[in-house]
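Chemist: Below is one structure. I have some questions about it.
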Amino acid sequence: MNNILKYFALVVFLVGINSCSEKDILDLTPINNISVDASFSSPSLIESSINGMYNAAAIGQYNSTNINGGRGYIWGSAFVQQGDNRGEDVVNTATFYQLTYTATYNPNTANNVYYWIDGYRLINRANLVIEGVTQAVADGIITSEVGDDYIGQAKFMRAITHFELVNFFARPYNETAGASHPGVPYRETGVNTQGEIDSEILKGRNTVGEVYQKVLADLDDAEANITNTTLTKASRNAAIAFKTRVYLHMRDWDKVITEGKKVETEYALESDPGAPFLNSYNNTESIFSILQAETLNPGVNAALASQYKRRTLVCISPIIWRDLDWLVDDKRRLDDPANPASLVFTTSGRKYTNKYKDVVSYTDAAPVIRFAEILLNMAEAYARKSDLVNGLSYLNQVRDRSLADPSTQSYTGFGSASDLVGAILKERRIEFLMEGRRWSDIHRLQKDDLHPIDGIPAKVANGNPAAAAFELGTPYTGPFGVDAIPGNDFRFLWPIPQDELNSNPNIDQNPEW
Amino acid sequence: MKMTRLLLLVGMICTSLAVFGQRTITGKVVDDNGEGLIGATVIAKEAPTIGTITDFDGTYKITIPGEVTALVFSYTGFSSEELAIGNATTLDVTMTGGVYLDEMVIVGYGSQRKSDITSSISTVNGDDLRGLITPTFADQLAGRAAGVQVTTQNGILGEGPRVRIRGIASVNSGTDPLYVIDGMPVYSGDLGGYASASGLGDLNPSDIESMEVLKDGAATAIYGSRAANGVILITTKKGKEGKAVVTLNSVFGVASPVNRFDLLKTADFITISNEKRTNRGQDPWAIGNTYDTDWQDAVLNNNAFQMDHNLSISGGTDKTKYYFSTAYANQDGIAKSNSMDRISIRTNLEHKLTKWFALGGGLSISRTAYTGLNTGANSLSGNVFNAIRQLPNTPILNPDHPTGYNISENNAVVGQWDNTDPVGDNISNVAYVLEKNVFESTIQRTMANVFASADIVKGLNYRFQASVDNPNTGGFLYWDPIHGDGSGSNGRLQNSTDELLRWNIQNILNYNTIIGGKHSLGITAGTEHQKERNSNFFAVGTDLLNEFYNQNIVSNAYAIQESGGGATEVGIISYLSRVNYNYDQRYFVQASVRRDGISKLSPDNRWNSFTGFSVGWNISNESFMANMSDVVSLFKLRYSFSSVGNTEIGSYPYLGLSGASPYGSQNGIAFSQFGNDALTWETSAKSDFGIDLGLYENRFNFTFDYFKNDIDNLVFSEPVAPSLGVPFNRINKNIGKSINEGFEFGINYDVIRSSKFTWNVGANLTLMSNEIVALPNGGADIIGGSSTNTSIAPNIIIREGESMNSLYGFQYWGVNPANGNPVYIKANGTLVQGDVVTSRYYLFDEANPSVLGESSTLSAADDKVILGNTLPTYFGGLISKLTYKNLDLNMVVRFSGGNKIFNSTRRGLFNQNLNNNGTEILGRWQSPENPGDGVTPILWASSNTFLNLTSDATTRFVEDADFIKLDNLSIGYNLPSVSAKRLGIAKLRVFVQGQNLLVISKYKGLDPEMETSGVDINGTPRARVLSFGLNVGF
């Protein structure tokens, strides 16, 4: 009996060991994640990889540990909020954008750091798309037509993101002859192996001129290859539209006009200036906008409608609100709670933008570029070429639709090209108010021959301005709680993030940081 | 391989014991419970060189010369016994008297006599925790064992304490010890849901018989890859032979915050707020002094009721032993909306089928329900962040608002009342939020094991054990749509399920023998297979139909729906063995080898062997010490060396992965983890030298250890230049080295030992240091340390040559007496002042303070320095246990220090927005004639980020963390047994007790233990608990 039990115990022992095989216990593969090597292995996964690239544009990661937990860096909302708060046409009322607003950032402050980090995160996804799609075409998984469209879209995203970064982290194009001063590294290799890390890290900052060249080359390729025509993904027209922006910064007026001409008949301004925002996915003038869904958006801490409307963290600055060139009865001042197309709302006497409306599910598209900008880019190019007729005509196209009575209020002529350019520049501030466009104008107009801006203009003090500060009739003359920063001050540029400097020996910080 | 090992063992069993001599006596040595005593010494009285040691079941056999008339039996902790032999051939003896000090100590996969142990193990008796009201048993390990540092970082129920055994053994991997309950490695982290739900909270502390803390390499090596952070072995109570013992413990207590913030009252608040504005040339902010509200009342409970009841029945026969307990605990937190409710049942059963074969098992079922709240350190509705910023001149309630609470017209923030501006920092009315919002976690947890134990041949035991740990957590979250966190989505409903399942199968052979009377040999060999699958899913509804829907997610009661989830699996296979040998209880050697294979690493790298080795010399058992045995009862030297591993490195850290990454509503995937299939084990080489000394029959015990942990191949997520765009800008690599080194001292002294009066004092002290030896990227600093928390990371750094996570920031000089500007010291020693008017830096000349010098900078790249280490360099405890007649008095005092804290909460109390401040701000600079405390600069509205440098640490808020605490004081009264019998019970003890009674510290925050990685950031105060209870035995 005892022996039987002993043998029984031994059998249990052996069974115990052998019932659990190494295969079941150790050869485990992820349940939540597809191997990165399989990301381009079928047409549907390739399409998903394209969407993954746009995800990086729409959401980013910011400091989240969740890969989809970002704050709209770089194209989902941050480019609007940072672009606005670097300028003087908004007032930051709370702490949220204070470091950007008061230029008290440093190489560790999150706003500028994640602009860089999430920008390059998107660029790497674009580069991996280019390489993955190229291989998939070679392997016959998708046709070259489909592949070219995808590659064109990736090049578009790569180009506009580098362009955005170079405007924040480098001096303007016209700073030196030939734009030979430091820009940002232009990344064209998808990095997913140690070897690629080792070779890419050797590449330091390209010059601003090189960055512009590469941006344009990529946009040309995008124009040639993209067949997509939907608003929320890169299209041929979006590439052209962006080129008008790039050439404007390069002060290549002829090219602005050439590019603008290519698409000027493909879009039309809505008759109501509120329409592009009331129907942000379905209107005749948006050219490229970023998709935001109720289940995936930059969230309560970043979504445009959350920050600018529900939480009222940033208001319109009395500086632009009280500008006499912005007519009192201009439709862009419409503040009627009963009219959803209103572009302004009031709380405690303060004026806020109503361009972003969905305060519950944050589904407003983030407007990256729209037709009005092409028109004003062309207007400025003509004006700077002293073609006052065309310049005036393009300016009026944009301005007239917002006037209460165009027949009496429309501009009829300017005494000089400079006056016309001045009116166009003012019109940009009004038309694109709180669309993130202000910084790139401040940036490109440094040392301008006609209307130079020296550094960052003075701003209204951080905090809630008094209701009286919004009373129309006289221009706002102060007080300015945030002093102007001269153009030669090191704070004009954002510092390269300390994280980058710590792990990249081949990149130099901007001077004096 | 496995068979070979088994055959080897079987072969050893067959080795016969060599015996020779003229006369042979056999017998059995038992204790007063009748349990055989292993390793008792039996010596021939007239021939002291002849002796033997009892076997594992207490039996002995000794061959003696004819002239010997008596045998002397001794066993550490017992009075020795001398028995005349006469004509007997069998002599049984029962050892009595003295204190049974030399108990068996649970070690990995077995147990050893305490005197045989050559590694470093601290034991905490379950009785020491009796009657304490405690969220988790682990909280109460604090101060009780050298080298073990337990920190309860806040007063939130459901958040487990931070336990560090001999420091931090990793940078990016886990730093928690392995918890093993009755042989089963259990889940100890947060178990899911929406209220904090520590995995340590499910175990009823009353069920604990003992806890063994395995500290050095030799003790932990048997746990191989999971041992780098130490191991805590928990043994639950089992039945003992004898009649049924019924015990009832009941404790009732009230908890209150140990400390509160010293906030401005309305009068000072108005002065300060308006001075912020007028200094800047702006109109006043604060108007109205009708109210003087302490908003801390909105988030803290002063008298939180807590109770704990436990009923157990245990007993057994020589064949069957049983233990059954049921317990109920209910605790209200000192944070409003925080509570815990736990009901648990545990049974342990063991039955001897035959003399050599036993079966048994244990089953524990518990249901622990937590309610929680938003405690986010920077959340607008985070309880402490919010309360300390509220305006004291505003009420909490407003009958005119539809909700009845003081909320702004558009419901966005708390109402500003008569003040001219909305409250700063966009905070909500936290009282409304706490009243409405719901955070819940309910854990249903089953822990079960079955075992079979067979004594195959004498000395050889085979044990099979299969265990399972299966916590299932249901979570529920509701955010009110009107105000607070839910207003951004018009309300939120969320339900979740976390299913965790871990099984573990062990086959263990234990062989013990004594050869030739003096050679004790113990062998342990076995296998362990473990696998876990952890999955969760959740459903979310936002944009709610109505706030009526606040108890569960209800189909179609919301406009937007979302769901999510995921699953991970981990498996480990191990082969383990340990050999320990001692010669004559004098010379000890132990070696262990464990080979682990783990699913977390690539097939090429997943197997690794971990070894442990230790030696000991018990000098007190040497013959030359015999004449000192009255004085020196124990004098042992120990040395150990081992290499162990750390596997808390994520589930699939070596693979290149993509993750779901949709664009709007379109499916997407993208690169989410950089692969490195060369990734291998993080190893920790631990060495330990120890001395154990016992004097006067172990009345005085002293333990000393020197330890050193060399951690190599640290799995580091190496920072990669962000401009390369790889996921998280990190790659998992084996780079980096660090060292923990230190000394531990422990003493235990029975000051008074008499039948009526006993007094025992124990004390322990640990001195230790940590140094980062090597870092990736050529030793580049890691700013942000190991933290991903954005409130903490900017203040710390990992730098070669420094202690891990050191504070890093600017040096503060003080206030410019001429203009109130803050003045800092640049790295090169020059002074710069931050001009509040322009937010720019200018040189500061002490001799000429009224002049703004040349324009300068305070550079984050160049001017930051190490501001202090965040890891305590010394800590320890003092425990006094005193009984006098029927009274007992117990006390635990704990101390720690040598570390610095960056008090970020205190910085928040200098907020320059329209928010309340701490009273320290009254010392601000007002004018050259009235320069204030010299530390607090001029007030300047809305300049928080610049004036207080909210993105950087500065020495202005760096403080010493040293403290002494009276952790625990209890007074009990035992009813005399005569009286008890009259009541029909066996015994009755009543007691009153205070926990966390007194803190002595210069720290200006609430409590110097409320730090995470050296940063104090808006934690809920810890709790002080006063309780009353009784223990009844039937």
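Each value in this text was obtained by applying a stated rule to the coordinates, not by laboratory testing. As the structure is a prediction and not an experimental result, all values here were calculated from the model. With ideal geometry, Cβ positions are generated from the backbone for all residues, glycine too; neighbour counts draw on all protein chains shown.
Chemist: Give me the base-10 log of I(q)/I(0) for chain A at each q in 0.12 Å⁻¹, Debye formula, one uniform scatterer per Cα, rounded to two decimals.
Modeler: So the normalised log intensities work out to -1.12.
Chemist: Going by a ≥ b ≥ c, the root eigenvalues of the Cα gyration tensor, does the stretch B:320-453 fall in the rounded group (a/c under 1.5), the prolate group (a/b larger than b/c) or the oblate group? Before the final figure, lay out each step's value.
Modeler: Details: a/c = 5.46, a/b = 4.42, b/c = 1.23.
The shape class here is prolate.
Chemist: Just tell me which lysines come within less than 23 Å, Cα to Cα, of A:LYS23; anything on the same chain fewer than 8 places away is out.
Modeler: Within the straight-line cut-off, A:LYS23 pairs with B:LYS2, B:LYS531, B:LYS600.
Chemist: Rounded to a whole number, what is D in µm²/s for the stretch B:421-462 from Stokes-Einstein with the Kirkwood radius over alpha-carbon pairs (25 °C, 0.890 mPa s)?
Modeler: 145 µm²/s
Chemist: Under a crude label model (7 Å from the Cα following the beta-carbon direction), how far is B:PHE252 from B:ALA47 in nanometres?
Modeler: Using points 7 Å along Cα→Cβ, the separation is 6.9 nm.
Chemist: Also, I was wondering about something else. What per residue convex hull volume, in Å³, comes out for the stretch B:138-206 when only alpha-carbon positions are used? Don't skip to the end; give the middle numbers.
Modeler: On the way: hull volume 8.3 nm³, N = 69.
Per-residue hull volume (Cα only) is 120 Å³.
Chemist: Could you pull the Cα extents of the stretch B:919-1012 along its three principal axes, largest to smallest, in whole Å?
Modeler: Reported extents, whole Å, longest axis first: 78, 30, 24.
Chemist: Just the Kirkwood number for the stretch B:815-858, please: inverse of mean 1/r across all distinct Cα pairs, in Å, one decimal.
Modeler: Hydrodynamic radius (Kirkwood, Cα only) of the stretch B:815-858 equals 10.0 Å.
Chemist: Could you give me the percent of Cα pairs per 5 Å distance bin for the stretch A:386-513, shortest bin first, beginning at zero and ending with the bin that holds the maximum distance?
Modeler: Going out from 0 Å in 5 Å bins, the stretch A:386-513 shows 2, 8, 12, 15, 17, 14, 12, 8, 5, 3, 2, 1, 0 percent.
Chemist: Counting each DSSP H run of 4 or more residues in chain B as -39500 (n - 2.57), what helix-only mean residue ellipticity at 222 nm follows after dividing by all residues, to the nearest 500 deg cm²/dmol? Write down the numbers at each step before the final one.
Modeler: Numbers: 9 runs with 62 residues, N = 1034.
Here the helix-only value at 222 nm equals -1500 deg cm²/dmol.
Chemist: Using Cα positions and a limit of under 18 Å, work out the lysines in reach of B:LYS1004, with same-chain residues fewer than 8 apart set aside.
Modeler: List returned: B:LYS900, B:LYS965.
Chemist: Explain nothing, just compute: Karplus ³J(HN,Hα) = 6.51 cos²θ - 1.76 cosθ + 1.60, θ = phi - 60°, for every residue of the stretch B:447-457 in order, whole Hz, x for Gly and Pro.
Modeler: Calculated HN-Hα couplings, in order: 10, 9, 9, 10, 9, 10, 10, 10, 8, 5, 9 Hz.
Chemist: I want the antiparallel fraction of DSSP beta bridges within the protein assembly as shown, as a percent rounded to 5.
Modeler: 95 percent
Chemist: Separate question: Can you tell me the alpha carbon radius of gyration of the stretch A:20-123 divided by the globular rule-of-thumb value 2.2 N^0.38 Å? Don't skip to the answer; put the middle values down first.
Modeler: Working: Rg = 19.3 Å, N = 104, 2.2 N^0.38 = 12.8 Å.
Scaled against compact globular proteins, the figure is 1.50.
Chemist: While we're looking at this one, here's another question. Work the Kirkwood hydrodynamic radius out for the stretch A:343-421: mean of 1/r over every pair of different alpha-carbon atoms, inverted, in Å.
Modeler: 14.9 Å
Chemist: First measure r as the distance between the Cβ atoms of B:ASN886 and B:ASP341, then evaluate 1/(1 + (r/R0)^6) with R0 = 25 Å and state the FRET efficiency to the nearest 0.05.
Modeler: The pair B:ASN886/B:ASP341 has a calculated efficiency of 0.15.
Chemist: Share of antiparallel DSSP beta bridges in chain B, in percent to the nearest 5?
Modeler: Taking every DSSP beta bridge within chain B, about 95 percent pair in antiparallel fashion.
Chemist: Bin width 5 Å, origin at 0, all Cα-Cα pairs of the stretch B:204-354: what percent of pairs per bin?
Modeler: Bins of 5 Å from zero give 2, 8, 10, 9, 9, 9, 11, 10, 6, 5, 5, 5, 5, 3, 2, 1, 1, 0, 0 percent of pairs.
Chemist: In whole angstrom, how long is each semi-axis of the equivalent ellipsoid of the stretch B:194-241, when you take the square root of 5 times every eigenvalue of its Cα gyration tensor and sort them from largest down?
Modeler: 23, 20, 7
Chemist: Return the percentage of antiparallel bridges among DSSP beta bridges fully within the stretch B:27-169, rounded to the nearest 5 %.
Modeler: Values: 22 of 24 bridges.
For the stretch B:27-169, the DSSP antiparallel bridge percentage is about 90.
Chemist: Relative to the present Cα-Cα distance, how much length would full extension add between B:LYS240 and B:ARG367 at 0.36 nm per residue of separation?
Modeler: 43.0 nm
Chemist: What are the residues whose amide H is under 5 Å from the amide H of B:GLY155, where those residues sit 5 or more places off or on another chain and H is modelled from the backbone?
Modeler: HN-HN under 5 Å from B:GLY155: B:THR1020, B:ARG1022.
Chemist: Quick query: amide H of B:VAL245 versus all other amide H atoms, modeled in the peptide plane; which residues come in under 5 Å with a sequence gap of 5 or more or a different chain?
Modeler: The list, which skips near neighbours in sequence, is B:SER314, B:GLY315.
Chemist: Determine by what factor the alpha-carbon radius of gyration of chain B differs from 2.2 N^0.38 Å, reporting the quotient.
Modeler: So the Cα radius of gyration is 1.03 times the expected 2.2 N^0.38 Å.
Chemist: With labels modelled as points extended 7 Å from the Cα through the Cβ direction, what inter-label distance (nm, one decimal) is found for B:ASN410 paired with B:GLU622?
Modeler: 8.4 nm
Chemist: Give the whole-number value, in cubic angstrom per residue, of the convex hull volume spanned by the C-alpha atoms of the stretch B:673-783.
Modeler: For the stretch B:673-783, the hull spanned by Cα atoms encloses 156 Å³ per residue.
Chemist: Follow-up. Largest first and to the nearest Å, give the Cα extent of the stretch B:106-229 along each principal axis.
Modeler: Answer, in whole Å and largest first: 45, 37, 25 Å.
Chemist: Can you pull the Rg over Rh of the stretch B:853-1007, Cα-only, Kirkwood?
Modeler: Reported Rg/Rh, Kirkwood definition of Rh: 1.25.
Chemist: Jot down the radius of gyration and Dmax of the stretch A:100-191, Cα atoms only, both in angstrom.
Modeler: Taking only Cα atoms of the stretch A:100-191, I get Rg and Dmax of 16.6, 54 Å.
Chemist: Computed over the Cα atoms, what is the radius of gyration of the stretch A:446-513 divided by 2.2 N^0.38 Å, N being its residue count?
Modeler: It is 1.62.
Chemist: In whole angstrom, note down how far apart the Cα centers of the stretch B:948-1011 and the stretch B:285-327 are.
Modeler: Here the two parts' Cα centres lie 15 Å apart.
Chemist: Quick one: check the C-alpha center-to-center distance for the stretch B:49-71 versus the stretch A:46-72, whole angstrom.
Modeler: One Cα centre to the other: 77 Å.
Chemist: Given R₀ = 25 Å, FRET efficiency for A:ALA468-B:THR278 by Cβ-Cβ distance, to 0.05?
Modeler: In this case the efficiency is close to 0.90.
Chemist: With a Förster radius of 45 Å, plug the Cβ-Cβ distance of B:GLU771 and B:LEU922 into 1/(1 + (r/R0)^6) and report the FRET value to the nearest 0.05. Walk me through the numbers on the way to the answer.
Modeler: On the way: r = 42 Å, r/R0 = 0.92.
Calculated value: 0.60.
Chemist: Sticking with this structure for a sec: Using only the Cα atoms of the stretch B:718-840, what semi-axes does the equivalent ellipsoid have when each is the square root of 5 times a gyration tensor eigenvalue? Give whole Å, largest first.
Modeler: 43, 29, 13
Chemist: Give me log10 I(q)/I(0) at q = 0.22, 0.23, 0.33 Å⁻¹ for the stretch B:104-149, Debye formula, one equal scatterer per alpha-carbon, no solvent.
Modeler: After summing over all Cα pairs, the log10 values are -0.88, -0.92, -1.20.
Chemist: Let me see the P(r) profile for the stretch A:151-244: every Cα-Cα distance counted, bins of 10 Å, each bin given as a percent of all pairs.
Modeler: Values per bin, smallest distances first: 17, 41, 32, 10.
Chemist: Where the eigenvalues come from the Cα gyration tensor of the stretch B:796-900, what are the semi-axes √(5λ) of the equivalent ellipsoid, largest first, in whole Å? Write out the running numbers ahead of the final one.
Modeler: Numbers: eigenvalues 446, 69, 16 Å².
Semi-axes, largest first: 47, 19, 9 Å.
Chemist: Report relative contact order for the stretch B:749-807 in percent, whole number only (criteria: Cα-Cα under 8 Å, sequence separation at least 6).
Modeler: Reported as a whole number, the value is 28 percent.
Chemist: For the stretch A:177-290, what is the per residue volume of the convex hull drawn over the alpha-carbon atoms, in cubic angstrom? Could the numbers behind the result be given before it?
Modeler: Working: hull volume 15.9 nm³, N = 114.
Residue-normalised Cα hull volume stands at 140 Å³.
Chemist: Answer with one residue from A:LEU26, A:VAL129, A:ILE485: the one whose Cα lies farthest towards the positive end of the charge dipole of chain A, charges on Cβ with Lys, Arg +1 and Asp, Glu -1.
Modeler: My answer, from the dipole projection, is A:ILE485.
Chemist: Continuing with this model, one more query. Could you tell me what a quarter of the Cα convex hull surface of the stretch B:528-593 works out to, in nm² with one decimal place?
Modeler: Dividing the Cα hull surface by four gives the mean projection, 9.1 nm².
Chemist: Taking a temperature of 37 °C and a viscosity of 0.692 mPa s, what whole-number D in µm²/s does Stokes-Einstein yield for the stretch B:791-837 with Rh from Kirkwood over alpha carbon pairs?
Modeler: It diffuses with D of about 263 µm²/s by this estimate.
Chemist: Just the number: Rg to Rh for the protein assembly as shown, Cα atoms, Kirkwood Rh, two decimals.
Modeler: 1.02
Chemist: Turning to a different aspect of this structure: Taking amide H positions as placed in the peptide plane 1.01 Å from N, state which residues far from B:TYR405 in sequence (5 or more) or on other chains have amide H under 5 Å from it.
Modeler: B:ASN398
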